[in-house]
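Just so it is clear, none of the values below were taken in a lab; they were calculated from the coordinates. Computed from a prediction, not measured in an experiment: that's the story for all the values here. Cβ atoms come from the backbone with ideal geometry, glycine included; neighbour counts cover every protein chain shown.
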Amino acid sequence: MRGIRHDRDHPYVVKLKDLPGFENLLGQADNDEQKNKFEKLSNYEIHLCACGLSKNKPFCDGHHAKTMKEESGKIYLYDKDGNVITTLNKLTDSEDGNEIDLPNEYE
Ligand code: FES
């Protein structure tokens, strides 16, 4: 079993037009029809799961809604179906009882 800390309750949003090289794609259109298709594509967004609960990783599938009611400062453990197994106030080492400080991926 592996525990991964996720603090976000919403996805990362990637806009195709912001990806490196997308401007080059527009410049390579052979005709207006192709250029229009590329311009339409530029408005698309990709939503990447950052909560860890999506069943369609790396893409967000809306399961982050389950994290919206999480209380700040508590640790939530989810099963593979995205149901809360339990909540903890802290994690402790089973051998010495010391609190385990999980690193925050955003710090
Ligand atoms: S961020 Fe949406 S399902 Fe994880």
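Filtered by the rule that a residue be assigned to a helix (DSSP H, G or I) and within 14 Å of the chain's Cα centre (by Cα), region 37-68 gives HIS63, HIS64, ALA65, LYS66, THR67.
Within region 91-102, identify whether any single residue is within 13 Å of the ligand (Cβ to nearest atom), at positive phi and not aliphatic (A, V, I, L, M), and answer yes or no. Checked against the condition, which is being within 13 Å of the ligand (Cβ to nearest atom), at positive phi and not aliphatic (A, V, I, L, M), region 91-102 yields no hits at all.
Can you pull out the residues in region 4-36 that are touching a helix residue (DSSP H, G or I) at 6+ places or on another chain (Cβ under 6 Å), charged (D, E, K, R) and outside any helix (DSSP H, G or I)? ASP9, the sole residue that qualifies.
Tally the residues that are closer than 13 Å to ARG5 by Cβ and either over 21 Å from the mean Cα position of the chain (by Cα) or basic (Lys, Arg) (or both), restricting the search to region 69-89.
Within region 69-89, the first condition is being closer than 13 Å to ARG5 by Cβ, and the residues that meet it are 70, 74-78, 88.
Adding the requirement that they be either over 21 Å from the mean Cα position of the chain (by Cα) or basic (Lys, Arg) (or both) leaves 74, 88.
Here the count works out to 2.
Per this entry, CYS49 is counted among residues that are surrounded by 14 or more Cβ atoms within 10 Å (Cβ to Cβ), in contact with a Cys (Cβ under 6 Å, 6 or more places away or on another chain) and within 15 Å of ARG5 (Cβ to Cβ). Residues of region 12-51 that are touching a Phe, Trp or Tyr at 6+ places or on another chain (Cβ under 8 Å) and either within 16 Å of the ligand (Cβ to nearest atom) or under 30 Å from LYS74 (Cα atoms) (or both): ILE46, HIS47, LEU48, CYS49, ALA50.
Each row is one residue, and each column tells you yes or no for (1) under 27 Å from LYS90 (Cβ atoms); (2) of a type in the set (Asp, Glu); (3) surrounded by 15 or more Cβ atoms within 10 Å (Cβ to Cβ).
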residue: ILE4; (1), (2), (3): yes, no, no
residue: LEU41; (1), (2), (3): no, no, no
residue: PRO58; (1), (2), (3): no, no, no
residue: GLY73; (1), (2), (3): yes, no, no
residue: ASP79; (1), (2), (3): yes, yes, no
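I'd like the full set of residues that are in contact with a Leu (Cβ under 6 Å, 6 or more places away or on another chain) and assigned to a loop (DSSP other than H, G, I, E, B), limited to region 69-107. Write out each step before concluding.
Quick first cut of region 69-107, residues in contact with a Leu (Cβ under 6 Å, 6 or more places away or on another chain) only: 75, 82, 85-86, 100.
Answer for region 69-107, where residues must be in contact with a Leu (Cβ under 6 Å, 6 or more places away or on another chain) and assigned to a loop (DSSP other than H, G, I, E, B): just GLY82.
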